[in-house]
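These notes are about the structure you will find just below.
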Amino acid sequence: MTIPGGIPPQLLSDWKSAEERLYPVVMVRPDLYVAARHTSAPDSPESAAHWFRQALTSVLGTPFDAK
């Protein structure tokens, strides 16, 4: 593994562990672009859509139903 800028491996490991505790992540930009990140791959497109709707509902505080 190449370590950019000589960053100590323990620091990178600690950072990765901290990032894993932050999942799932939902980001919304002002231009309404929405992205989500999850720790595992969904079983199906339907499963991914269901998880994404739940994440948006959690963030928005109201049920999200894209039509």
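Quick notes on this structure:
- Positive minus negative residues near P8 (Lys, Arg vs Asp, Glu; Cβ under 15 Å): 0
- Net charge of the neighbourhood of W51, taken over other residues with C-beta under 15 Å away and scored Lys/Arg +1, Asp/Glu -1, is -1.
None of the figures in this text is laboratory data; all of them are computed from the coordinates on show. Not measured: the values here are computed from a predicted model. Please note: Cβ atoms are built from the backbone with ideal geometry, for glycine as well, and neighbour counts cover all protein chains shown.
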